[in-house]
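This report concerns only the one structure given below.
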């Protein structure tokens, strides 16, 4: 079709390639569904809870301006690195030590540290969100390092919650253990770890919040 000397070509819409109806498509759909459920029921509540933590005023100003001072970034990175190293080493000591000296199955040890980690992070989160959290020795020490009225709380959060307890617990190892148990024919143990770990972890987190005074 032409209009004022301009030629318009009508192109038929490209036909979409029919989706392959194979087992891989079902597997990916199942994985995507599980990821969406994880975001709704686990990630979103954690984000809402973490918003209760105070952030250093200087850090907030830098975030709004789009830049973070290199010194502040280095200190935060160092706190997470130190805490994560400590937590990971504690996990290895407990799981390997229990397996070697007390003959505790490795998957049971991983399940235990994940549950204990949730208990500890609940208690620590409740303590750090209390009204008198600024009076804690560790918070005051961190406040001197980080600067700002609420820099101490943010530093302790990075060191303990993100670092130590983040390195102490492990989701990937737990999933690998479940896969190994399933492939080796231990279906009951695999199901106990798969469904028992998150259920017990949520209960432990709630109990930790209650211990720390967070309700």
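Listed values, structure above:
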item: Which listed residue, of 109, 185, is more than 30 Å from residue 69 (Cα to Cα) and assigned to a loop (DSSP other than H, G, I, E, B); result: 185
item: Filtered residue count, segment 94-105, keeping only those that are exposed (fewer than 15 other Cβ atoms within 10 Å of the Cβ) and assigned to a helix (DSSP H, G or I); result: 4
item: Odd one out for residue 54, checked against (1) closer than 16 Å to residue 161 by Cβ; (2) part of a helix (DSSP H, G or I); (3) at pLDDT below 80; result: (2)
item: Residue 208 buried (at least 17 other Cβ atoms within 10 Å of the Cβ), at pLDDT below 95 and touching a helix residue (DSSP H, G or I) at 6+ places or on another chain (Cβ under 7 Å); result: no
item: Qualifying residue in segment 78-85 (condition: out of contact with any helix residue (DSSP H, G or I) (no Cβ under 8 Å at 6 or more places or on another chain) and closer than 14 Å to residue 173 by Cβ); result: no
item: Subset of segment 113-167 (residues that are farther than 20 Å from residue 77 by Cα and without any contact (Cβ under 8 Å) to a residue 24 or more places away in the chain); result: 131, 132, 133, 134, 135, 136, 137
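The values are calculated or read from the model by the stated rules, or taken from the named source; none is laboratory data. All values derive from a computational prediction rather than experimental measurement. Heads up, the Cβs are rebuilt from the backbone with ideal geometry, glycines too, and the neighbour counts pull from every protein chain shown.
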